[in-house]
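Let me begin by presenting the structure, written as structure tokens, before commenting on it.
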Amino acid sequence: MRQREPRRKVLVRARMRCGADWGDVTIHNMSSRGLLATSETECRTGTIVEIRRIHHVIVGRVVWQKGLYFGIRTQDRIDIDGIVAARPPAHKPDTRSGTDRRNADRPSVSIADREAGSRRFARAFQFAVAIAVVVAVALILASEVSGVLSRPFAVIGAHLDGSAARSTDGGMR
């Protein structure tokens, strides 16, 4: 029988997501691939959890649970010293792009500026919708007026043509 890896006793507070719920968690001991923790949030065996401590993210599966205590087997190796000291991890998960989007300069936009921009957009959108409705109503109205006036104009045109007089005479002219 294989000996298990030695555990390092710690007392670390972190946040944990279990299902859709977030809650506080206390980590009591850690090894390179697992940890023992307690939480008010109930985590059943087989549940995938995500634990966050400053810059560190630990993802694992609950392998046992008894009361508030539970054990997690992690998917990646754990940087125990980094988590305890709360310093950034030695490696970042995504370093392909070479830039960290969190450090990028972002324009600071105040809430008042964002609200004013939203109001301008809303006014422009309302104006565009009103114009579209007016154009649609005008087209429908023009179509109806054209239909109503086409019959009398057809009769007048037939009388001016003389074709209406021939049809009433019965062709006796």
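The values are calculated or read from the model by the stated rules, or taken from the named source; none is laboratory data. Quick caveat, the model's predicted, so the values are computed rather than measured. Ideal geometry is used to build each Cβ from the backbone, glycine not excepted, and the neighbour counts take in all protein chains shown. Quick note on the areas: whole protein, heavy atoms, side chains included, nothing else; ligands and nucleic acids left out. Shrake-Rupley method; radii C 1.70, N 1.55, O 1.52, S 1.80 Å.
If you take just the helices (runs of 4 or more DSSP H) that sit entirely in the stretch 77-173, which of them hold at least 2 residues that are at pLDDT 85 or above? Give the derivation first.
Working: elements: 80-85, 111-161, 163-169.
Passing ranges, in order: 80-85, 111-161.
Restricting attention to the stretch 119-145, report how many residues are among the small types (Gly, Ala, Ser) and open to solvent by 70 Å² or more (accessible area, probe 1.4 Å).
As a first pass, look at the stretch 119-145 and keep what is among the small types (Gly, Ala, Ser): 122, 124, 128, 130, 132, 136, 138, 142-143.
Checking the rest, the ones that are also open to solvent by 70 Å² or more (accessible area, probe 1.4 Å) come to 143.
Residues in the stretch 119-145 being among the small types (Gly, Ala, Ser) and open to solvent by 70 Å² or more (accessible area, probe 1.4 Å): 1 in total.
Among the residues of the stretch 54-66, how many are at pLDDT 90 or above and either in contact with a His (Cβ under 8 Å, 6 or more places away or on another chain) or open to solvent by 40 Å² or more (accessible area, probe 1.4 Å) (or both)?
Counting residues in the stretch 54-66 that are at pLDDT 90 or above and either in contact with a His (Cβ under 8 Å, 6 or more places away or on another chain) or open to solvent by 40 Å² or more (accessible area, probe 1.4 Å) (or both) gives 7.
Restricting to strands (runs of 3 or more DSSP E) lying wholly in the stretch 1-50: which have 3 or more residues that are open to solvent by less than 70 Å² (accessible area, probe 1.4 Å) and under 17 Å from Ala86 (Cα atoms)? Full working, then the answer.
Values: elements: 8-18, 21-31, 34-39.
Per the criteria, 8-18, 21-31.
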